[in-house]
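Asker: This is the structure I have questions about; it appears just below.
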Amino acid sequence: MELIYFILCAFGLTNILVYGSIFNKIRPKHHFFHCPMCMGFWVGAILLATNHYTELFTFECNLYNAFVLGCLSSGTSYILSMLFGDKGVRHEIHGS
């Protein structure tokens with residue numbers, strides 16, 4: 001269950017940082033800050049570093065876990081952001 005909480009927290013925080021209009025004026029123009037995969041990695045690492053402040057997930061804080069949880073956060077944030085948009089589940093049809 002801890003892993004699900006971690007993934008949902010990472011997805012939520014990544015979406016706020018990447019797509020949140022509150023950050024439009026201060027968000028740099030570099031593509032990194034507009035990419036859920038790039039931002040998701042660092043969100044995962046930051047969540048690990050701050051995990052002793054929550055009881056939702058408790059992972060041992062070490063470099064290996066930071067890398068693995070960063071990768072998990074990056075991948076799941078990207079996948080979930082491609083599946084869900086502002087209006088719910090995305091169902092775009094891509095023609096060939």
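Asker: If you take the residues of the range 16-34 that are open to solvent by less than 40 Å² (accessible area, probe 1.4 Å) and touching a helix residue (DSSP H, G or I) at 6+ places or on another chain (Cβ under 9 Å), which of them is nearest to D86 (Cα to Cα)?
Answerer: V18
Asker: Now for a separate question. So, in the range 44-72, exactly how many residues are more than 14 Å from L13 (Cβ to Cβ) and either among the polar types (S, T, N, Q) or without any contact (Cβ under 8 Å) to a residue 24 or more places away in the chain (or both)?
Answerer: Taking the range 44-72 and keeping what is more than 14 Å from L13 (Cβ to Cβ), we get 52, 55, 58-68, 71.
Restricting the remaining residues to those that are either among the polar types (S, T, N, Q) or without any contact (Cβ under 8 Å) to a residue 24 or more places away in the chain (or both) gives 52, 55, 58, 60-68.
Counting residues in the range 44-72 that are more than 14 Å from L13 (Cβ to Cβ) and either among the polar types (S, T, N, Q) or without any contact (Cβ under 8 Å) to a residue 24 or more places away in the chain (or both) gives 12.
Asker: Taking the criterion of being outside any loop (DSSP other than H, G, I, E, B) and open to solvent by less than 90 Å² (accessible area, probe 1.4 Å), would at least one residue in the range 51-61 satisfy it?
Answerer: Yes, the conditions are met somewhere in the range 51-61.
The values are calculated or read from the model by the stated rules, or taken from the named source; none is laboratory data. Note that this is a predicted model, so its numbers are computed, not measured. Every residue, glycine as well, gets a Cβ built from its backbone with ideal geometry; the counts of neighbours run over all protein chains shown. Side chains are part of the model used for accessible areas, which takes the heavy atoms of the whole protein and leaves out ligands, DNA and RNA. Shrake-Rupley method; radii C 1.70, N 1.55, O 1.52, S 1.80 Å.
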